[in-house]
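To keep things clear, I will list the structure first and then write my remarks on it.
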Amino acid sequence: MNRTRATIAVFAATLWIAACDEKPLSYGDANSIIAVMSAAQWEAVGDEVYDALEPTITTVRAEKTFTVTYQEPYAEFWDRLRRFRQTLVVGSREDEYVQDVLAEARDEITENGLHQVYDVWSSGQTVTLILLDAGWGPDDLRPYLPEVNGLLDGQYRRYAQNRMYFSGVDSALADTLSLEAGFTMYFPDVYRWEQRDSIYIFRNDNPDPSELIRQVAVTWRTPAPGLLEQDALLDWRTSLVAEYNEPQDVVLENSGNRAYDFEGTPAYEVQAMWRNPPERGWPAGGPFVTRTVTCDSQDRTYILDAWLYAPGKEKYEYMIQLETLLDTFRCTS
């Protein structure tokens, strides 16, 4: 065999080995979790896992932030479900399925506790491992569950924010708002905007407004009336909604409110649901978040109103995106 043919043969063999070693792609939603542990242990702790990892938020109804599915190791569907994008594995070093995770970690995990390992059974996968002693029970697992929820929720929020800004940040709009309106916000490039006197409306209704609308509106009052709480804030929102294309009634059932500190200034927020007035003839609704912030240096009190229309869709990701946009608000000099 001449040198050229030998080189080609070696290269082809290398590609074949790499293809054999390549892991299949992970699948599943970013907020779907496959929980893996023995059947006996799941029987003892399953309800607590559900309670900890499936908290609910209120949109148009109670909605789980995550969905947990139990899978017994090596049982039916194991080969498929272990490839999910998000997998929670609980066990000890004696468990064969845990050994798979530790092998991928390449001896970096030396102690019990909470760990994350990537690409164990599929490419693009995150395995959250709770490593315990053999014979562990509910008391051993319980302290880790709030930490797992906080970890996964934080990662999901970053995922939602990254998806929102995938199109890029409209920094030119932020500069325009700073110079002309006295505030700044950072919207993705896909948002369009309009000004009606002192009312600024930012909207993303891609791919179709009958399927998905995300909208934020900002305006202010001066002299600043100071901190406005729920009733006064919702009255102001009602006058703002008159400028929208979609009339909205407020539904306060399962609503929430909070006073909080915003850049050293007292602020207030209401989260509730809107719905079309009955005379509109068709049912439509969704969640909204409305905030009031006072900027003493401008003698202005701002209202920031964000609302969502997403029929038939899970809404947690979109609410994270709207709250992230509101968090970018800043008063400018």
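Taken together, the values in this text are just the output of simple stated rules run on the coordinates, not laboratory data. Not measured: the values here are computed from a predicted model. When we count neighbours, we look across all protein chains shown, and the Cβ atoms used for this are built from the backbone with ideal geometry, even at glycine.
Describe numerically, in nm with one decimal, the distance between label points set 7 Å from Cα along Cα→Cβ at residue 92 and at residue 313. Between residue 92 and residue 313, the simple spin-label model gives 4.7 nm.
Straight-line reach from residue 313: which aspartates and glutamates fall under 20 Å, measuring Cα to Cα and dropping same-chain residues less than 8 apart? Residue 313 reaches 29, 54, 63, 153, 205, 208, 211, 246, 323. Only Cα pairs under 8 Å and 6+ residues apart enter the sum, and on that basis the relative contact order of the chain stands at 14 percent.
When you work out D = kT/(6 pi eta Rh) for region 122-264 at 4 °C and 1.567 mPa s, using the Kirkwood radius from C-alpha pairs as Rh and the Stokes-Einstein form, the result is 66 µm²/s.
With R₀ set to 35 Å, the beta-carbon distance separating residue 179 from residue 232 gives a calculated FRET efficiency near 0.70.
Please give the charge dipole size of region 24-162, origin at the Cα centre, charges +1 on K and R Cβ atoms and -1 on D and E Cβ atoms. Round to the nearest 20 debye.
Using only the charged Cβ atoms, the result is roughly 720 debye.
Kindly give Rg over Rh for region 24-162, based on alpha-carbon atoms, with the Kirkwood expression for the hydrodynamic radius. So for region 24-162, dividing Rg by the Kirkwood Rh gives 0.94.
Here the chain is assigned +1 on the Cβ of each Lys and Arg and -1 on the Cβ of each Asp and Glu. Its dipole about the Cα centre then comes out at about 1100 debye.
State the antiparallel share, in %, of DSSP beta bridges confined to the chain, rounding to the nearest 5. Among the beta bridges of the chain, antiparallel pairing accounts for roughly 75 percent. Taking every Cα-Cα distance in the chain and sorting them into 10 Å bins starting at zero, the pair-distance distribution P(r) comes out as 5, 21, 24, 19, 17, 10, 3, 1, 0 percent. Please compute, over every Cα-Cα pair in region 218-333, the percentage with a separation greater than 23 angstrom. Considering region 218-333, 30 percent of its Cα-Cα pairs are separated by more than 23 Å.
Taken about its Cα centre, region 168-331 carries a charge dipole of roughly 120 debye when the Cβ of each Lys and Arg holds +1 and the Cβ of each Asp and Glu holds -1.
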